Amino acid sequence: MMKHFGIALVSSLALLACTEKEPTAEPTVEMAQKSDKNADGPAMDFDSRMLQVSQEYFALRPEIATYYGIPDDKAGRGISSRLGDYSPAGEAQRREGMKAILDELESIDESELTSSQQVSLGLIATGVRNAYTPATVVDYGAILGDYGVWFSPYAVSHLTGPHVEIPSILEANMAVRTRLDAMAYLTRLNNYAGVLNDVIAKMESDRELGVMPPDFSIRRTIENLAGNIAAPAAENSLVTTFNRKLNEAGLERTNEFMEQAIALVDEQVYPATRRLISALEAMLPLASHDAGVGHLPNGRALYQAMITQMTDTMLPPGDIHAIGLVEVDRIHLEMDRLLQSIGYIEGTVGARMSELLQDPQYIYPNTPEGKAELMAGLAADLERANAKLPQWFGKLPEQEVAIRAVPPHREKSTSGAFYDAPSMDGTRPGTFWIVLADTAVLPSYSLQTLTYHETNPGHHLQTMLGLDPSLPILNTIFYSNAAGEGWGLYAEYLASEMGLYENDPVDDLGRLQQELHRAVRLVVDTGMHAMSWSREQAIEYSVATEGIHVDEATAEIERYAVWPGQALGYKLGMLKILELRKRAQEQLGDRFDIRIFHDQVLENGAVPLNLLEKKIDAWIAAQG
């Protein structure tokens with residue numbers, strides 16, 4: 001349930017709107033469908049039908065259209081000024097809506113589609129099915145949570161929920177180019193206060209079912225929310241970012257928009273945030289310290305459903321745990337040889353990596369100058385990778401990637417580093433974001449690999465090659481976590497084959513430590529969610545096994561606690577890509593071309609692993 005503008009704000013926006021006429025809307029797919037249903041002519045073609053389905057999806061999750069930069073003429077009329085309904089009733093509506101979308105997709109006759117359309121349909125239907133399934137297992141939590149795809153067991157946590165997502169989308173993703181855009185921003189800003197009230201109701205509804213975030217997540221959420229309202233409204237980032245966008249657009253009478261923004265933040269957003277803080281404070285004494293979802297009602301079944309959503313497999317937690325332990329031992333052997341080559345001989349691999357972490361020559365000063373030097377190093381690493389890409393890929397990204405530091409006010413509600421896809425309207429580039437709160441957790445030997453994972457040959461290249469305008473929009477949105485993150489980890493391995501670590505054993509140790517980190521995730525994620533591991537046990541294992549900073553390990557473990565299963569996709573996805581590559585090499589022999597193989601993997605977007613295997617097998621067979 002969305003809240004409404006007060007009379008004064010309605011009047012002000014009406015006066016502002018008089019100076020700019022809203023363009024006549026183009027006929028939407030929904031209108032065409034209504035006409036089509038009443039006609040005796042042929043059914044809509046595949047592209048039109050997928051556009052219709054995407055509009056049905058955006059009606060459930062309007063913010064994601066903004067995240068991907070999809071204009072209203074494709075996303076649906078008025079989507080750019082709407083927010084989702086985060087109340088218990090809104091959650092029920094989203095679940096019903098996703099079931100209807102899934103039924104619609106499953107009714108499509110594949111035999112009438114081209115091979116490319118069949119791949120797209122398989123990707124989208126699998127993504128929708130995997131997103132919907134956890135909601136059939138439990139009544140609590142949020143379907144279409146993070147990134148508009150993943151199921152979230154908790155309506156609110158330190159990393160998940162509308163209090164994290166909506167400010168980020170307003171600031172980082174919502175374009176303000178016209179006065180109508182500015183009014184849409186203000187409408188959403190006002191509705192954000194209503195969203196916070198609604199999510200309190202959802203949080204309380206889940207509590208009655210016996211579901212609350214772990215106590216450590218609640219504490220961090222309270223701390224983050226308190227920081228969001230610490231400054232006067234005029235200095236809040238929701239206001240200052242809006243002001244910057246207005247100025248960059250060169251709009252007139254921006255002071256009127258700014259007055260409204262300040263009033264909305266001060267009179268609507270801040271009070272709603274305080275109410276959310278109070279609700280969390282009341283919940284804290286009742287919360288458990290258990291990190292895993294296994295203790296929640298039907299939690300084990302939920303975790304198995306999350307494994308399927310995040311890995312495209314039906315593997316049980318015990319099998320995944322065992323794979324992780326085997327991979328940890330294998331990677332430790334490789335790291336041991338490199339550590340000995342640089343003089344680190346005694347102690348476990350984790351202990352020696354911890355010792356390496358203390359060497360000041362690998363730590364950038366935690367100062368503006370040190371952070372600037374770090375960012376320059378990332379750009380240099382990217383340039384080295386770009387120079388070698390033509391030898392390994394037939395298709396290359398046409399758009400460059402931006403490298404930016406996460407703004408300080410977003411650091412506590414963000415985990416490590418991540419990649420944001422470019423907007424489909426071309427207004428925002430693909431961006432590699434990195435948290436620079438403490439450079440001590442970012443040793444120089446870890447950064448080269450991080451860059452390759454998030455940019456090229458990792459997520460940026462993967463995303464740009466998958467962003468084919470001829471493909472349905474939902475190809476990009478309902479991506480496979482395992483294929484997407486599996487490619488990112490595979491890209492780190494590929495960087496070594498490309499010679500980017502040649503004669504550089506320390507940075508190669510950083511690469512192996514990152515691969516080790518993903519193997520450890522298989523162990524600790526299943527440990528917490530299926531084997532009753534505590535938060536502290538998981539942190540201790542991570543530090544001892546990887547040799548990483550305890551602060552980094554803590555942030556990672558607390559991430560896995562509220563994103564069950566997500567961290568499993570990296571290693572399992574990489575192993576599948578390597579398996580398919582080996583199969584292609586063995587069967588094709590001298591005819592195998594690594595560039596064509598990579599293009600095949602990336603074509604059509606992040607295709608679920610079972611469909612990717614089918615696709616690669618068909619490609620191998622077609623080679624004769």
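The values are calculated or read from the model by the stated rules, or taken from the named source; none is laboratory data. Only a predicted model underlies this, so the values are computations on that prediction, with no experimental measurement involved. Please note: Cβ atoms are built from the backbone with ideal geometry, for glycine as well, and neighbour counts cover all protein chains shown.
In the range 209-252, what residues are under 27 Å from S534 (Cβ atoms) and part of a loop (DSSP other than H, G, I, E, B)? Within the range 209-252, L209, G210, V211, M212, P213, P214 qualify. If you go through the range 266-293 and keep only what is in contact (Cβ under 8 Å) with a residue 60 or more places away in the chain and either among the aromatic types (F, W, Y) or over 17 Å from A561 (Cβ atoms) (or both), you end up with Q268, V269, P271, A272, T273, R275, L276, A279, L286.
Residues in the range 584-621 that are of a type in the set (D, E), touching a residue at least 40 places away in the same chain (Cβ under 8 Å) and in a helix (DSSP H, G or I): 1 in all. Would you check which residues across the range 503-535 are without any contact (Cβ under 8 Å) to a residue 12 or more places away in the chain and of a type in the set (A, V, I, L, M) and list them? Those that are without any contact (Cβ under 8 Å) to a residue 12 or more places away in the chain and of a type in the set (A, V, I, L, M): none in the range 503-535. G499 satisfies every condition listed in (1) crowded, with 23+ Cβ neighbours inside 10 Å; (2) modelled with pLDDT of 95 or more; (3) over 30 Å from D290 (Cα atoms) except (1).
Here the condition is being among the small types (G, A, S), at pLDDT 95 or above and in contact with a Pro (Cβ under 6 Å, 6 or more places away or on another chain); of A491, A538, A544, it holds for A491 alone.
Please work out if L251 is crowded, with 17+ Cβ neighbours inside 10 Å and either under 23 Å from the mean Cα position of the chain (by Cα) or at pLDDT 95 or above (or both). I'd like the intermediate steps shown before the answer.
Working: crowded, with 17+ Cβ neighbours inside 10 Å: yes; either under 23 Å from the mean Cα position of the chain (by Cα) or at pLDDT 95 or above (or both): no.
Against the criterion (crowded, with 17+ Cβ neighbours inside 10 Å and either under 23 Å from the mean Cα position of the chain (by Cα) or at pLDDT 95 or above (or both)), L251 does not qualify.
Scan the range 479-486 and tell me whether some residue there is buried (at least 22 other Cβ atoms within 10 Å of the Cβ), of a type outside the set (S, T, N, Q) and under 22 Å from A351 (Cα atoms). Scanning the range 479-486, I find no residue that is buried (at least 22 other Cβ atoms within 10 Å of the Cβ), of a type outside the set (S, T, N, Q) and under 22 Å from A351 (Cα atoms), so the answer is no. Which residues, taken from the range 363-412, are of a type in the set (D, E, K, R), closer than 15 Å to V435 by Cα and in contact with a helix residue (DSSP H, G or I) (Cβ under 8 Å, 6 or more places away or on another chain)? Scanning the range 363-412 gives K371, R410, K412.
Could you identify the single residue in E63, E96 that is closer than 29 Å to N197 by Cα and touching a helix residue (DSSP H, G or I) at 6+ places or on another chain (Cβ under 6 Å)?
On the way: E96 fails: touching a helix residue (DSSP H, G or I) at 6+ places or on another chain (Cβ under 6 Å).
After applying the criteria, what remains is E63.
Which residues, taken from the range 194-231, are among the aliphatic types (A, V, I, L, M), under 23 Å from E536 (Cβ atoms) and in contact with a Phe, Trp or Tyr (Cβ under 9 Å, 6 or more places away or on another chain)? Correct list: V211, M212.
Do you know which of the residues in the range 305-320 that are crowded, with 20+ Cβ neighbours inside 10 Å and not aliphatic (A, V, I, L, M) is farthest from E613 (Cα to Cα)? Among those that are crowded, with 20+ Cβ neighbours inside 10 Å and not aliphatic (A, V, I, L, M), it is P317. All of Y132, Y147 fail the test of being on the phi > 0 side of the Ramachandran plot and in a helix (DSSP H, G or I), apart from Y147.
Can you tell me which residue within the range 351-373, out of those that are part of a helix (DSSP H, G or I) and acidic (D, E), is farthest from L516 (Cα to Cα)? In this case the residue turns out to be E369.
Considering (1) buried (at least 19 other Cβ atoms within 10 Å of the Cβ); (2) more than 16 Å from M174 (Cα to Cα), the lone condition that A92 does not fulfil carries the number (1). Conditions: (1) basic (K, R); (2) buried (at least 18 other Cβ atoms within 10 Å of the Cβ); (3) farther than 30 Å from P469 by Cα. R337 meets all but one. Number of the miss? Failing condition for R337: (2).
Please tell me if D329 is acidic (D, E) and loosely packed, with under 15 Cβ neighbours inside 10 Å.
Values: acidic (D, E): yes; loosely packed, with under 15 Cβ neighbours inside 10 Å: yes.
Against the criterion (acidic (D, E) and loosely packed, with under 15 Cβ neighbours inside 10 Å), D329 qualifies.
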